[in-house]
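Peer 1: Take a look at this one; I'll ask things after.
Please treat every number below as a calculation from the coordinates, not as lab data. The structure presented is a predicted model; accordingly, all values stated were derived computationally and were not measured. Methodologically, a virtual Cβ is constructed for each residue, glycine included, from the backbone with ideal geometry; neighbour enumeration extends over all protein chains shown.
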Ligand SMILES: C[S@@+](CC[C@H](N)C(=O)[O-])C[C@H]1O[C@@H](n2cnc3c(N)ncnc32)[C@H](O)[C@@H]1O
């Protein structure tokens, strides 16, 4: 017990441990995630409906998707892919969550939309080539370790047509400034999100100000098992993300505010990155 709790409160090296798959593929947690994805009123797993509509509207004005080959990385239950397809794109949605994809496929069928959903790991599996547009949305880029972000940048560059674009959003250092370190524990932490029956959940938030990295770490103890989840997040300025993308061999990077459609004015909001190979 002492060893587990002492380790839980220790400060790991940034991105030293990855538990992404637990978060998205554990059957109970994946079910809870899907419930949050589909609740258009909160921003927990996906943005709320109005924000998704605004993002897709902005994207389509900047890069008209009708007739374009579009891949969405980490498409989840298809909230973006379905909107791209309704606007006439040829869409591939890639995700490793069977649960989310089952919902996405059913929703596409019900809406009469033809979308190529693939259950795959975008870090390991090959991406469809000849893409006009690749998207990766809701800070998913920020959740990856630096070597994995580089891998994604390389893979997307190879998947894009020469005049294609990679559009993703990142969380800003203004958002990082609003975070505070804290530790808490509670019976059924987050109202049963982490397991179906009884459990005690611990959460600690650790911040790495020099690197603008945040960690939300969870320790979940049920009567049968104990597991941990590490949610890492890299926060960016326009300059830091531009430097990282250019270092991967992209030719140009543009920063945009997908909420206003104009240039990003700073502050505690996410912003869009438009990267050209
Ligand atoms: C925060 S959710 C965002 C989903 C969607 N982009 C949205 O905003 O509604 C992250 C999604 O990425 C998926 N994901 C995370 N890592 C992945 C990987 N390595 N390969 C494929 N999918 C991944 C998860 O299953 C989850 O559906």
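Peer 1: Mean 1/r over all different Cα pairs, inverted: what Kirkwood radius does the range 1-123 give, in Å?
Peer 2: 16.0 Å
Peer 1: Helix 98-111 against the longest principal axis of the chain: what's the angle in degrees, Cα atoms only, rounded to the nearest 10?
Peer 2: The answer is roughly 40 degrees.
Peer 1: Rounded, prolate or oblate: which one fits the range 101-231, using the alpha carbon gyration tensor with axes a ≥ b ≥ c (rounded when a/c is under 1.5, else prolate when a/b beats b/c, else oblate)?
Peer 2: Note, shape of the range 101-231 comes out oblate.
Peer 1: Next question, about the same structure. Just report the Cα centroid separation between the range 61-75 and the range 187-222, whole Å.
Peer 2: Going from one Cα centre to the other spans 34 Å.
Peer 1: If you don't mind, another one. Could you check what % of the DSSP bridge pairs in the chain are antiparallel, to the nearest 5?
Peer 2: Counting only bridges with both partners in the chain, antiparallel ones make up about 65 percent.
Peer 1: With a cut-off of 8 Å between alpha carbons and a minimum separation of six or more residues, what is the relative contact order of the range 44-148 in percent?
Peer 2: Computed value for the range 44-148: 29 percent relative contact order.
Peer 1: Let me ask something additional. For residue 186, put the label point 7 Å out on the Cα→Cβ axis and report which residues of the range 13-47 keep their amide N under 16 Å from it.
Peer 2: Backbone N within reach: 44.
Peer 1: Can you give me the angle between helix 146-159 and the longest principal axis of the chain, using Cα atoms only, in degrees from 0 to 90, rounded to the nearest 10?
Peer 2: Once rounded, one gets 20 degrees.
Peer 1: On to the next question. Expressed as an acute angle from 0 to 90° and rounded to the nearest 10, what is the orientation of the C-alpha long axis of helix 27-38 relative to the principal long axis of the chain?
Peer 2: For 27-38 against the chain, the angle is about 50 degrees.
Peer 1: Tell me, what is the FRET efficiency for residue 106 and residue 3 to the nearest 0.05, using R0 = 41 angstrom and their Cβ-Cβ distance as r?
Peer 2: E(calc), rounded to 0.05, equals 0.35.
Peer 1: To continue, here is another question. Run the paramagnetic zone check for residue 38: 7 angstrom along Cα to Cβ, then residues of the range 117-154 with backbone nitrogen under 20 Å.
Peer 2: Label zone hits: 117-119.
Peer 1: Got the relative contact order for the range 7-52 handy, in percent, Cα pairs under 8 Å and 6 or more residues apart?
Peer 2: Contact order relative to length: 18 percent.
Peer 1: Please work out whether the range 190-257 counts as rounded, prolate or oblate from its C-alpha gyration tensor, where a ≥ b ≥ c are the square roots of the eigenvalues and a/c under 1.5 means rounded, while otherwise a/b larger than b/c means prolate and anything else oblate?
Peer 2: prolate
Peer 1: Testing the spin-label approximation: label points 7 Å from Cα along Cα→Cβ at residue 129 and residue 148. State their distance in nm.
Peer 2: Going by the 7 Å Cα→Cβ label model, 2.7 nm.
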